[in-house]
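Throughout, read-outs are computed from the coordinates displayed, never taken from laboratory work. Quick caveat: nothing in here was measured; it's all calculated off a predicted structure. Backbone-built Cβ (ideal geometry, glycine too); neighbour counts: all protein chains shown.
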């Protein structure tokens with residue numbers, strides 16, 4: 001009976017190992033379904049289609065319809081990514097459960113095998129004692145052949161099972177570097193009229209390295225004096241127009257900053273143990289990977305909705321950035337991970353300088369998406385606003 005129980009326990013171990021192998025294959029398949037490069041390419045393709053539609057648009061309604069369609073495509077791509085991540089988590093939890101079950105079954109199988117061996121030893125000793133008694137051997141021989149009491153005791157603890165095929169394999173990472181969004185080519189401004197007096201300023205672009213910062217750069221840095229001068233030159237002494245223009249410019253700055261957060265256009269604090277391991281662009285790619293996983297910057301030094309990444313999530317984000325997690329020397333502790341974005345600055349001026357260098361309506365609608373809808377009154381006056389924003393006389 002002890003031998004049968006040991007054989008049954010060994011069979012359960014073999015069966016669980018087979019289940020674990022299948023689960024490992026399912027996990028590998030789920031991880032292979034997460035392709036950051038393919039998702040990035042799909043988003044780029046959606047963006048190219050959106051820009052082509054905007055370039056061919058003749059009315060504002062067509063531009064807005066193209067923006068809504070583009071946003072729907074991006075949301076669908078992100079939703080597919082979240083589903084794939086959830087599937088990976090589900091498969092990993094199932095694998096962990098099987099690993100725990102296999103460990104317990106292995107211990108039980110080893111204990112059952114030890115009990116069966118002890119029972120066989122007791123049986124052989126009892127047989128030898130019976131044969132010696134039957135042959136009329138003396139009492140000393142009979143006493144020597146008596147079963148030791150220790151044999152009859154069940155093993156108290158078993159040696160840990162050797163897990164030769166139950167180790168987990170590390171997740172594969174796509175080391176192909178993700179593409180960096182390029183600055184859009186200056187589009188033709190459609191809102192200006194040829195009968196306006198001042199000469200065309202279509203040739204002007206944002207120069208982030210100018211010795212004297214342009215008004216748009218100072219405005220993105222929330223310089224109050226620049227805001228006041230703009231309102232003075234555009235609205236004059238009309239109090240109602242001044243209030244309306246100040247509100248529109250504030251919404252414009254907030255919308256650009258929000259778009260910069262979506263693109264992870266950040267400046268990271270010098271000396272921070274985790275971010276200092278990467279270049280600025282690599283840090284931005286890691287932040288983009290965290291955003292794809294649902295760990296977004298809230299704009300105030302923390303994570304949106306209080307979701308803090310674990311080390312495994314950080315490793316996935318590093319892998320999605322095209323970097324090797326094995327080369328990361330420092331991983332923040334759980335309490336430190338909640339402060340990863342502490343001291344991070346949203347670089348709205350850099351973002352708009354790279355993504356909308358000419359400040360044309362086409363560029364701005366492209367980077368702002370649906371946020372551009374609330375700025376219709378500002379776009380109507382854009383032929384007057386744009387030259388002032390590109391001026392360095394502030």
Return the FRET efficiency for the residue pair residue 101, residue 307: r is the Cβ-Cβ distance, R0 is 22 Å, and the value is rounded to the nearest 0.05.
0.15
Could you tell me the extents of the range 240-394's C-alpha atoms along the three principal axes, largest first, rounded to whole Å?
55, 27, 26
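FRET efficiency for residue 93 and residue 121, Cβ-Cβ distance as r, R0 = 41 Å, nearest 0.05?
On the way: r = 43 Å, r/R0 = 1.04.
E(calc), rounded to 0.05, equals 0.45.
Please find the FRET efficiency linking residue 258 to residue 21, where r is the Cβ-Cβ separation and R0 is fixed at 35 Å, and quote it to the nearest 0.05. Each step should come with its number before you reach the end.
Details: r = 47 Å, r/R0 = 1.34.
Efficiency computed from Cβ-Cβ geometry: 0.15.
With Kirkwood's inverse mean 1/r over C-alpha pairs for Rh, give me the Rg to Rh ratio of the range 1-133, two decimals please. Walk me through the intermediate numbers first.
Details: Rg = 30.5 Å, Rh = 20.2 Å.
Taking Rh as the inverse mean 1/r over Cα pairs, Rg/Rh reads 1.51.
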With label points set 7 Å from each Cα along the Cα-to-Cβ direction at residue 221 and residue 33, the distance between them in nm comes to 4.8 nm
In vacuo Debye scattering of the range 202-280, one point per C-alpha: log10 I(q)/I(0) at q = 0.13, 0.21 Å⁻¹?
-0.57, -1.07
What is the range 266-346's relative contact order, in percent, from Cα pairs under 8 angstrom and six or more apart in sequence?
41 percent
Scoring the range 2-152 by relative contact order with C-alpha pairs under 8 Å, at least six apart, yields a percentage of 39 percent
Report, please, the projected area of the range 264-309 averaged over directions, based on the convex hull of its C-alpha atoms, in nm².
3.1 nm²
Peptides ranked, highest mean first, by Cβ atoms within 10 Å: ranges 376-382, 288-294:
288-294, 376-382
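Determine the gain in length on full extension of the stretch residue 329-residue 300; use 0.36 nm per residue of separation and subtract their C-alpha separation, reporting nm with one decimal. List each step's numbers first, then the result.
Values: separation 29, 0.36 × 29 = 10.44 nm, distance 2.72 nm.
That works out to 7.7 nm of additional length.
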Can you pull a Stokes-Einstein diffusion coefficient for the range 1-64 at 20 °C (1.002 mPa s), Rh from Kirkwood over Cα pairs, as a whole number of µm²/s?
128 µm²/s
Residue 208 and residue 7 label points (each 7 Å along its Cα→Cβ direction) are spaced in nm at 7.4 nm
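For residue 62 and residue 132 in one chain, what is 0.36 nm times their gap in residues minus the Cα-Cα distance, to one decimal in nm?
Details: separation 70, 0.36 × 70 = 25.20 nm, distance 10.45 nm.
Taking 0.36 nm per residue and subtracting the Cα distance, the gain is 14.8 nm.
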Quick note, the range 266-346: a/c under 1.5 would make it rounded; otherwise a/b > b/c is prolate and the rest oblate (a ≥ b ≥ c, C-alpha gyration tensor); here it is rounded
